[in-house]
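Contents: one structure, followed by commentary.
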Amino acid sequence: MLTIKLPSDQILPVEVGWTVRWDDEVEGCWTNHRQAHVTSRSILEMIANVLLAALPILSALNGVAAAPVNGSIYAPPPPPGGVDTNATSPAPVYAPDSDFDYQSLALALHQEWIELDLFHYGLATFSDAEFDEYGINAEQRSLIQFMANQEVGHATLISNIVGGYPGGAPKQCTYKYNFTTVPEFVDFCQRLTRWGESGVYGFLPHLDSRPAAQLLLQSISTEARQQMIFRQLSGLFPMPVYFEAGIPQTFAWTLLSPYIVSCPAENTPIAFNIFPSLTVVNGPSGIDEAFQKLPYPTGGPAITHNRTALSYPGRLVELAWETPGQVVGPYNQTTAIGDLVTTNASAPLYVAWTSQLNTTYTLLTVTGNGTGTTIQPNGTVFDSTPDDAIVNGTSFVTIVSEQLPVTSYNLSLINDYVVAGPSIYQAS
């Protein structure tokens, strides 16, 4: 019970459970919660007026109906627009709304499964002494184990989303890795989580099921942190870009499928195309074993190292690529080029550099059967960001037959013109 006792002894009851009272003896006011000595009755009257104005709100908070005193006590409506934001919107259904949704989510689940296996495999393959040699101590190994635990949650989430759709949830497969040292393991983790993260960004806004997209966003946001942590464990600058790139499902599946040996027979095959393999012959590497062995702050794992970029604009880049028609991946898919690629041998080819917000093209100089060179492009994402190179971080290069103007949202249009790739380009 709130009791406001004015000098005139007028009592104003409000059901909120505390008391304000003028005390003539001390010429002040007090509450049963705290002392607040006031030396003027006019101040107390001002307080009373404020409380009177708040009466409708206080009553509403206590379940007591009260008519508004000055205008409505209710919040105004939100701005018009948005999707599924009011009480009349349908209840969210966390399931695929189309085959496009199912296949995209199934691809993401294949990515989560290999990450779970990879993190466990690395911890089991190398001894504590081998990790210690490169500055990855017990606490950091525990972090890798925790990231593996995160993958259990991610795989469970996506399995629950797609489990009721025809085809069901893909089961975990068997895998092969080509690393033999701790630095190679950590470097492979940062590259694999890069295309896993970017692969989801590429299709996320195109899903028919917005509820499923919401949950997947909350999963992939964690993977973004994993990718940065593996860069830190490699001694690289943790986040050299201002924006993370998104890539189409075909790009992610082309990069992922070579590391999957086989999958359970009941798995529904991934429907996205696999392009011919592309290799950056003289690609920059994030592996520097001598640096990684040095104690911090000279080298080794760290929150950050202010290291020079691994590449630079104008660098000659050597490429090699396979012809289409190779049988690859766990579902015995045949590699194929884009539907609109010209087969004219004299037609020019280009290298598409996908990094941050941009896809930038450079001319490919063909030097032999399935080999060629190009030049790393120059430029920045914005004129106002001179230190943010247009090709930066863990980027993607792809050979294409057309310089198609694309942006982050419609990058999948490039699929029709892909000759080979993508491949990872470790720009920094």
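Rolling a 1.4 Å probe over the protein chains gives Leu278 an accessible area of about 10 Å². Accessible surface of segment 311-404, 1.4 Å probe: 50 percent of it comes from carbon and sulfur atoms. Label positions at Ser98 and Leu217, each projected 7 Å from the Cα along the C-beta direction, are separated by 1.8 nm. Of the peptides 420-426, 235-241, the ranking by mean beta-carbon count within 10 Å, highest at the top, reads 420-426, 235-241.
The order of the peptides 131-137, 177-183 by mean Cβ neighbours within 10 Å, most packed first, is 131-137, 177-183.
Translational diffusion of segment 216-264, estimated by Stokes-Einstein from the Kirkwood radius over alpha carbon pairs at 4 °C in a medium of 1.567 mPa s, is 99 µm² per second. Peptides 294-300, 158-164, 110-116, ordered by how many other C-beta atoms sit within 10 Å of their residues on average, highest first, read 110-116, 158-164, 294-300.
Computed over neighbours whose Cβ is under 15 Å from that of Tyr242, the net charge equals -4, Lys and Arg +1, Asp and Glu -1. Counting heavy atoms of the protein chains only and a 1.4 Å probe, report the per residue accessible area for segment 99-426 as a whole number of Å². Accessible surface, normalised per residue, equals 42 Å².
The values are calculated or read from the model by the stated rules, or taken from the named source; none is laboratory data. Please read all numbers here as calculations on a predicted model, not as lab measurements. So basically every Cβ, Gly included, is an ideal-geometry build from the backbone, and we count neighbours across all protein chains shown. Heads up: the accessible areas ignore ligands, DNA and RNA and are worked out on the full protein's heavy atoms, side chains in. Shrake-Rupley method; radii C 1.70, N 1.55, O 1.52, S 1.80 Å.
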